[in-house]
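Q: Here it is: the structure, laid out below.
The values are calculated or read from the model by the stated rules, or taken from the named source; none is laboratory data. Every value quoted in this text rests on a predicted model; they were computed, and no experiment measured them. In this analysis, Cβ positions are derived from the backbone assuming ideal geometry, glycine residues included, and neighbour counts consider all displayed protein chains. In case anyone asks, the SASA skips ligands and DNA or RNA and just uses the protein heavy atoms, side chains included. Shrake-Rupley method; radii C 1.70, N 1.55, O 1.52, S 1.80 Å.
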Amino acid sequence: MRKTALVSVIVLLLLAFSLALVGCTTPETEDPVTETEEPVYEITGTKNIILKADVTQYDFLSGIGGKKDGEAHSVEVDSSAVVFGVAGIYEVVYTCGEESETITVKIYGMPVFSGDAQVSRAYAADIDAGAGLTAKDSFGEDLTVVTTDEFVRDTYSRITYAEHEFVFKATDAAGNEQNFTRKVTVTETGRPAISGASADLSAPEASVPLGTLTLDWIKKSGTALDTADYGVSGGNLVLRAGYVAELGVGEHEFELDFGDAGYCDLTLDVTDTEMPAFTVGALGAALYVENTSINLPVAQRQTGSYQNIEVKYYLDSTEITELTVTLDAGEYEYAVKFFRLGAEIQNADETIRFTVMTEAAYYGRPFAGAEFASLFVPIDATRNSVEWDESQSVFRFINTVQVEDNNRGFTVDASYFSGIVEKSGAEQIKFSFKNETPSAQLFLGWWRDSEGWSVLHNTSAADWVEYTINMAAVPAEKTLFLLATSGGFFLKDIQLVMPVQYNEVKSFVFKPQAEGGGVYTSALDIEGLPGYEPEDWRVNYTSYVVPGNVQFRSVPTYYGIGFTLPETVTCTDDMILSFRINVDSMAEPADTVRLRLFNNTDSGLWDAPQRFHEVVSIPVGNWYEVRVNIANYLAAGGSFTGFKWVSFTGKKDSSSNDIVLSFSQVRILQVAA
């Protein structure tokens, strides 16, 4: 400033000297009157200044110029008001001659942030990490807050459930830069909670509850599942059985995404530990005939099972691969076993035991059990029924018809029994039955449709009764029937009686008449049927050359003739009454010969309860041995020590059916010890 003043003085002195010289050489004239112009000052380069608070000095004349009437001129500055290091607004004054200018100096302190340094946010596809965070300069003006940090994301670009750190920056007009660190925790509160799932290959379809969540996608190892492999139904994610089976045993990880609701992982544990989901079919029967094909049951995998199980079959502990077998008679054990990874699964095998029998033994077994119920055919299915009563081990026949007619009862095809007898080698079948209503009558006999029924045996006993039929004399064209006059009845079983050895207890021949010759011991007298006229029957002793033979003719056949056994013969239920008989002629050969035994000789013997019938079918012209089980007679109420009367007749209801019979020998046989 001093140097400038000195220069000004010198300039003024030189100007005064110049004027003096001019006055000495110029004649005196009158000075014109002129006005003095004011000098023009100008200050250039001034501007408001912004400083950081950390600036301790500043050259305020840097870039400042001054002019006076266009010529450079000095500029003075007054910055005494400025307090460096203290934020505020200050004035600085520039002076150039008569000209002055004032500028402001703004000293900025550091920006200030407002907001939480630690925040939690619920998951969303996009989250504003700086939400609620602001910054101002030292004069209270809002500053822009920026950050270059981002949320950490997984391989599917989803924000991870974790704590994320962001550094935010704010810069004021002075260039002051302030950082603010915020930690944003993406909380798992509200995150989809899907529990792990498990499935066994026995039924591998896996169902995972989703609740109200809406599934956007499901992936495994980064690859989206085919829609054929899964579905969502009723709030459940369902992984299809076939897909789970393809995954195989082990733990399998899946990624589930629910949009803004979040995401989670799913662990599916696939096992193969359940018992085999297989069904072993039933064996066709428990009994078989030897040397016939037997189809052993196969283990069938249940629908929906994908177990890695091997099935093996064993017959009497020997592994077999062919399940259609032909076996000899014997007891057999068939086992189906299951193996996993080569090891047998314990307590999973199924064992079936069955018996193979000889043909004779198979067909000779008793007819008992539900398997035989279908043999009995109701004559009228609407009023008759039959069932196997397991609790009593009996067949129960139910008759709803309370009268004796052709619609009540049950039939069995006689040819069936004949076939069974032939295969078994039996010669008789034995029935065990009793009335359900003791006072009623129970009938056993032959049924021939148009001709009705003929009774073999009837009883009203309350206890079990046994009756035996000689199958060799069964008329094949007929059916066996059983019926009761009231209510129902029970049948315990039907047993086949095999041939037995007999010892002869007594043998009889017939005592000849006057026309005959010879004297015989143990001979039988031929008698007329008591109560009937001799013309109703006649006997011819002269037709045979064989001594002891007798021929008789029944006219009409309703009556017949007979003979009496000696009182000395005591009959027991293990005895057989044997007749050697020949049918010489019969008006209707298709008819049968009826045999009756009585224990009295009263005129009312036809209605006597102590009798039984034996119906035989004998071809004309052939000799035939008829064997009668004395046990049948005794079961019918016989309580005597010997038979009183025996008769042969033809068909009972025919008045024109003459029959001519011949027989030669009567024997009493007893089962050999």
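Q: Near residue 45, within a Cβ-to-Cβ distance under 15 Å, what is the net charge of the other residues, with Lys and Arg +1 and Asp and Glu -1?
A: Values: positive: 47, 67; negative: 42, 59, 76, 99, 101.
In short, -3.
Q: Quick query: amide H of residue 506 versus all other amide H atoms, modeled in the peptide plane; which residues come in under 5 Å with a sequence gap of 5 or more or a different chain?
A: Answer set, sorted by chain and number: 668.
Q: Also, quick follow-up: Once you sort the root eigenvalues of the Cα gyration tensor of the stretch 218-279 as a ≥ b ≥ c, which label holds: rounded (a/c under 1.5), prolate (a/b larger than b/c) or oblate (the other case)?
A: Working: a/c = 2.20, a/b = 1.82, b/c = 1.21.
Prolate, because a/c is 1.5 or more and a/b exceeds b/c.
Q: Could I ask something else about it? Pop out the ³J(HN,Hα) list for the stretch 140-151 in order, Karplus 6.51 cos²θ - 1.76 cosθ + 1.60 with θ = phi - 60°, rounded to Hz; leave Gly and Pro as x.
A: Working through the residues one at a time gives x, 7, 5, 10, 6, 9, 10, 8, 9, 7, 9, 5 Hz.
Q: Residue 236's amide H: which non-local residues (gap 5+, or another chain) put their own amide H closer than 5 Å, with H modeled 1.01 Å from N in plane and none for Pro or chain starts?
A: Residues meeting the criterion, in which the H sits 1.01 Å from N, are 210.
Q: Using a basic spin-label model with each label point 7 Å from the Cα along Cα→Cβ, how many nm lie between residue 374 and residue 246?
A: 4.6
Q: May I ask you to derive the FRET efficiency for residue 326 and residue 351 from their Cβ-Cβ distance with R0 = 25 Å, giving the value to the nearest 0.05? Show your work: numbers first, answer last.
A: Details: r = 21 Å, r/R0 = 0.84.
The value I calculate is 0.75.
Q: Regarding the stretch 309-396, what are the three Cα extents along the principal axes, ordered largest first, in Å?
A: 60, 29, 22
Q: Would any residue of the stretch 359-385 have its amide N under 13 Å from a label point 7 Å out along Cα→Cβ of residue 292? List them or say none.
A: Only 359-365 pass the distance filter.
Q: Once a ≥ b ≥ c are taken as the square roots of the eigenvalues of the Cα gyration tensor of the stretch 83-145, is the result rounded (a/c under 1.5), prolate (a/b larger than b/c) or oblate (a/b not larger than b/c)? All intermediate terms of the calculation are to be shown ahead of the outcome.
A: Working: a/c = 7.84, a/b = 3.81, b/c = 2.06.
Taking the square roots of the gyration eigenvalues as a ≥ b ≥ c, the stretch 83-145 is prolate.
Q: Counting only the heavy atoms of the protein chains, how much of residue 182 is accessible to a 1.4 Å probe, in Å² to the nearest 10?
A: 0
Q: Let me ask you something else. Which value, in Å² and to the nearest 10, is the accessible area of residue 506 when all protein chains are kept and the probe is 1.4 Å?
A: Accessible area of residue 506: about 80 Å².
Q: Give a residue-ordered list of calculated ³J(HN,Hα) values for the stretch 258-270 (Karplus: 6.51 cos²θ - 1.76 cosθ + 1.60, θ = phi - 60°; whole Hz; x for Gly, Pro).
A: Per-residue couplings from phi come out as 10, x, 5, 6, x, 8, 6, 9, 10, 9, 9, 9, 9 Hz.
Q: Please compute the modelled spin-label separation between residue 181 and residue 193, points set 7 Å along Cα→Cβ, answer in nm with one decimal.
A: 3.4
Q: A follow-up question, please. In nm, give the distance between the simple-model label positions of residue 580 and residue 415, each being 7 Å from the Cα along the Cα-to-Cβ direction.
A: 3.4
Q: Also, I was wondering about something else. Give a residue-ordered list of calculated ³J(HN,Hα) values for the stretch 80-87 (Karplus: 6.51 cos²θ - 1.76 cosθ + 1.60, θ = phi - 60°; whole Hz; x for Gly, Pro).
A: 5, 7, 6, 10, 5, x, 10, 5
Q: Let me ask another. Gain in length, residue 128 to residue 212, computed as 0.36 nm per residue apart minus the alpha-carbon separation, to one decimal in nm? Display every interim value, and only then the final one.
A: Working: separation 84, 0.36 × 84 = 30.24 nm, distance 2.63 nm.
Gain in length upon complete extension: 27.6 nm.
Q: What full-extension length gain, to one decimal in nm, is calculated for residue 40 and residue 381 as 0.36 nm per residue of separation minus the Cα-Cα distance? Walk me through the numbers on the way to the answer.
A: On the way: separation 341, 0.36 × 341 = 122.76 nm, distance 14.45 nm.
Taking 0.36 nm per residue and subtracting the Cα distance, the gain is 108.3 nm.
Q: For the stretch 125-271, what class follows from the C-alpha gyration tensor (a ≥ b ≥ c being the square roots of its eigenvalues): rounded when a/c is under 1.5, otherwise prolate if a/b is larger than b/c, else oblate? Walk me through the numbers on the way to the answer.
A: Details: a/c = 4.14, a/b = 3.52, b/c = 1.18.
It comes out prolate by the Cα gyration axes.
Q: Could I get the Rg over Rh figure for the stretch 323-371? Both from C-alpha atoms, Rh via Kirkwood, rounded to two places. Please list the in-between numbers first.
A: Values: Rg = 15.9 Å, Rh = 13.7 Å.
Rg/Rh: 1.16.
Q: Any chance you could run the full-extension gain for residue 141 through residue 265? It's 0.36 nm times the residue separation minus the Cα-Cα distance, nm to one decimal. List each step's numbers first, then the result.
A: Working: separation 124, 0.36 × 124 = 44.64 nm, distance 4.72 nm.
Between residue 141 and residue 265, full extension yields an extra 39.9 nm.
Q: Suppose we take every Cα in the stretch 272-358 and form the convex hull; what volume per residue is that in Å³?
A: Enclosed volume per residue, from the Cα hull, is 91 Å³.
Q: Would you please give the residues with an amide H less than 5 Å from that of residue 138, counting only those at least 5 places away or on a separate chain, with H modeled from the backbone geometry?
A: The list, which skips near neighbours in sequence, is 109.
Q: What is the Å³ per residue value for the convex hull set by the Cα atoms of the stretch 181-245?
A: On the way: hull volume 8.3 nm³, N = 65.
Dividing the Cα hull volume of the stretch 181-245 by its residue count gives 128 Å³.
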